[in-house]
Amino acid sequence: MNPTILIVEDEPAIQELLAVNLKHAGFLVVKAGSAEAGDSAIRAALPDLVILDWMLPGQSGVALAKKLRQDERTRELPIIMLTARVHEEDKVQGLEAGADDYVTKPFSPKELVARVRAVLRRRAPHLAGESVDIQGLVLNPGTHRVTAGGQTVELGPTEFRLLFFFMTHPERVYTRAQLLDEVWGDHVFIEERTVDVHIRRLRAALEASGHQDRVETVRGTGYRFRGH
Ligand code: CA
């Protein structure tokens with residue numbers, strides 16, 4: 001699973017420099033030349049991180065960052081602001097708008113890739129290929145292995161994806177339709193009760209280690225994964 005990076009930058013040379021270096025580092029890249037185009041790209045498919053230029057034609061990068069932070073769907077989306085400004089006040093303003101990091105032009109592509117990795121590691125460790133650990137239940141996205149208290153938990157591919165989604169989005173309630181969308185992909189038509197079947201299998205697999213109660217049924221709504 002290669003993380004997708006959305007680059008919102010109006011200067012073609014910089015956009016290309018970023019794209020080439022990120023692709024070379026193994027990321028998937030989506031490009032947008034304005035805040036408006038970036039916004040619709042995000043609406044079409046949620047990226048894993050956004051590199052957002054401050055000065056854009058039309059809506060500014062700061063305005064888009066603020067908007068993304070206010071929307072439930074994009075609230076957690078990691079953002080790196082990119083700008084030619086060097087003043088400390090601007091940096092503060094960028095970080096207050098919700099940016100996770102701030103890179104000043106001119107930048108070294110190598111440094112920027114390192115910053116992207118650092119933000120992903122901090123905000124979304126599973127995208128950096130690192131294990132997710134919730135109270136001794138450990139899922140490694142690289143090796144597709146799950147252990148509980150050191151013992152291997154055997155899971156089918158769908159249960160693995162379901163658990164992976166739950167462990168990276170704990171404490172939030174998801175409807176069956178949302179889980180189908182997130183775990184099965186939105187291009188497949190599957191009946192909602194299929195979700196219940198896989199939830200049952202997942203709970204059964206977690207039973208030996210006592211983690212089955214983490215998958216909570218929220219009556220009338222859906223499911224939630226308890227993270228602590
Ligand atoms: Ca610009």
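The values are calculated or read from the model by the stated rules, or taken from the named source; none is laboratory data. Since this is a predicted model, take the numbers as computed values, not measurements. All Cβ positions, even for glycine, are placed from backbone atoms using ideal geometry, and neighbour counts span all protein chains on display. The area values use the complete protein model at the heavy-atom level, side chains included, leaving out ligands, DNA and RNA. Shrake-Rupley method; radii C 1.70, N 1.55, O 1.52, S 1.80 Å.
The table below gives the values:
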| read-out | value |
| --- | --- |
| Overall form of the stretch 4-127 per C-alpha gyration tensor (a/c, 1.5; a/b vs b/c) | rounded |
| Cross-link table 66/91; 67/105; 23/110; 31/91; 23/91, entries beyond 21 Å C-alpha to C-alpha | 67/105; 31/91; 23/91 |
| Mean ellipticity per residue at 222 nm, deg cm²/dmol - from DSSP H runs of n ≥ 4 across the chain, formula -39500 (n - 2.57) | -11500 deg cm²/dmol |
| Relative contact order [Cα under 8 Å, 6+ residues apart], the stretch 4-127, whole percent | 22 |
| In the stretch 119-228, GluC sites (Glu not before Pro) in a DSSP loop with at most 12 other beta-carbon atoms within 10 Å | 154, 171, 191, 192 |
| Dipole of the stretch 110-205, positive end: most advanced residue of 163, 147, 119 [Cβ charges, Cα centre] | 119 |
| The chain: angle of helix 109-123 to the longest principal axis, Cα-based, in degrees nearest 10 | 40 |
| Loop GluC sites (Glu not before Pro), the stretch 23-100 (other Cβ atoms within 10 Å of the site Cβ: 15 or fewer; DSSP) | 72, 76 |
| Protein accessible area in the chain, 1.4 Å probe - carbon and sulfur % | 50 |
| Accessible surface, the stretch 132-225, averaged per residue in Å² (probe 1.4 Å) | 56 |
| Computed FRET value (nearest 0.05) for residue 191 with residue 219, which takes r as the C-beta separation and R₀ as 22 Å | 0.65 |
| Size of charge dipole - the stretch 79-159 - debye, nearest 20, with Cβ of Lys, Arg +1 and Asp, Glu -1, no other charges | 300 |
| DSSP-defined antiparallel bridges as percent of all bridges, the chain, nearest 5 | 50 |
| Restricting the stretch 17-89 to trypsin sites (Lys or Arg not before Pro) in coil, as DSSP defines it, with at most 11 other Cβ within 10 Å | 73, 75 |
| Debye equation applied to the C-alpha atoms of the stretch 97-195, log10 I(q)/I(0) at 0.18, 0.23 Å⁻¹ | -0.95, -1.18 |
| In sequence order, calculated HN-Hα J values of the stretch 168-180 (Karplus, 6.51, -1.76, 1.60; Hz; x Gly/Pro) | 8, 9, x, 6, 10, 8, 10, 6, 4, 5, 5, 5, 4 |
